[in-house]
Amino acid sequence: MRPIVRLAVMLILLPVALVSAAAADEAQPSWDDWLAGVRKEAAEKGIRNDIIEQTLTGLKPLERVLQSDRNQAEFVETLETYLAKRVSPARVSSGREMMSTYRDLLDQVSAQYGVQPQYIVAIWGMETNYGKYFPDENAIQALATLAYDPRRGGYFRKELFAALEILNKDYISAPEMKASWAGAMGQPQFMPSSYLAYAQDFDGDGHRDIWSDLGDVFASIANYLKRYDWNGNEPWGMEVKLPEGFESRLAEVGDYDEGGCRAMHSHSRALPLSEWQAMGVRDVNGGDLGGDPRRATLVEPDGESGRAFLAFENYRAILRYNCANYYAIAVGMLADEVNQ
Ligand SMILES: [Ca+2]
């Protein structure tokens, strides 16, 4: 029983404990012992010795990474406050500039992956403000710090080994592999496991350089969406107006029942646009939805007093990038804005 009791105490105490305090707990190995275990496992996984030496020898945890992890403020945000920050006039106008500056490259990527340029630009803008925000923590150091910390250690340990695998494949060099404090890398902010699954070498130079090569950045974002069944001939969705007393009818439609990440569970069942039209739903300007047979789910991210949206299949691919309705709506609206 004792180890279980000790674990329970640890789980209660650790949210406020820092590395030094955690190291003092006898259930937690010292940083050096822990790192020795990582080195051994890396070697067993086939990571080259020069990579292990270069990245893990003398590695120290980063206190500021843990501080950031502990200090994630919980803002009470509404869709309006979220959109005001993420789809600001400045971000829209930068996005239009990017659409025009990188037109040729975006068109090439778009043709190859079947994702319209405005969605690539919108995700790029949402993640790193079109590459102007450049997180510059050492990815291995940030990931190792969070992997050592018991709070979410299992998740980050897997990401740490994925990051070592990226270096082992020579997709990027260790000094170039910069990340946010939480380990999200480069201009599209991919976690290492997503990088291994989706990052692309668009210019064919042997590197998947999502930090500084824009072809690789755009292709990696597009590939991510494509892998989640993006349809290049369809939009993301649209804002709509609901008729008076609609909520009782919506209850008859029922909840979304086809899986997907947690943000989908607040959507209605998918219905053809023609059925939404028949129920009195109109576009945000009051115009007809028409007899379109495409299916869309209804989402009211702030409940029935807030704005309402119909989401097409592509919306679900955006949620795979970041499973939050505010995020997907902001990407969709920013894409619409930068495409004008
Ligand atoms: Ca490349």
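Observations, loosely collected:
- Residue among Ala111, Ile221, Ala27 farthest towards the positive dipole end of the chain, charges placed on Cβ: Ala27
- GluC sites (Glu not before Pro) lying in DSSP loop within the stretch 271-318, provided at most 11 other Cβ fall within 10 Å: Glu304
- By the rule of a C-alpha distance below 16 Å, with chain neighbours fewer than 8 residues away ignored, the lysines paired with Lys169 are Lys45.
- Entries of Lys40/Lys158; Lys85/Lys158; Lys158/Lys178 with Cα pairs more than 23 Å apart: Lys85/Lys158
- Per-residue ellipticity at 222 nm computed for the chain from its helices equals -15500 deg cm²/dmol, with DSSP H segments shorter than 4 residues left out and the rest contributing -39,500 (n - 2.57).
- Global geometry of the stretch 145-247, whether rounded, prolate or oblate, following the gyration tensor of its Cα atoms and the 1.5 cut on a/c: oblate
- Residues Ser100, Ser305, ranked from the fewest to the most other C-beta atoms within 10 Å, line up as Ser305, Ser100.
- Once both labels are positioned 7 Å from their Cα atoms along Cα-to-Cβ, the gap between Glu234 and Glu247 label points is 3.0 nm.
- Among Tyr315, Tyr82, the ranking by other beta carbons within 10 Å of each residue's beta carbon, starting with the fewest, stands as Tyr82, Tyr315.
- Per-pair calculated FRET efficiency, R0 = 30 Å: Phe134 and Asp203 via Cβ, rounded to 0.05: 0.90
- Sorting Leu160, Leu214 from the fewest to the most surrounding beta carbons within 10 angstrom yields Leu214, Leu160.
- For Leu310, net neighbour charge (Lys/Arg +1, Asp/Glu -1) across residues whose Cβ lies under 14 Å away: -2
- Simple spin-label estimate for Asn285 and Arg96 in nanometres, 7 Å along Cα-Cβ: 1.7
- Normalising the average separation of contacting C-alpha pairs (under 8 angstrom, six or more residues apart) by the number of residues puts the relative contact order of the chain at 17 percent.
- Tilt relative to the chain, helix 214-227 - C-alpha long axis, 0 to 90 degrees, to 10: 70
Readers should treat all values here as calculations from the given coordinates under stated rules, not as data from a laboratory. Just so it is clear, the structure is predicted and the values come from calculations on it, not from any experiment. As a convention, Cβ positions derive from the backbone with ideal geometry for all residues, glycine included, and neighbour counts pool all protein chains shown.
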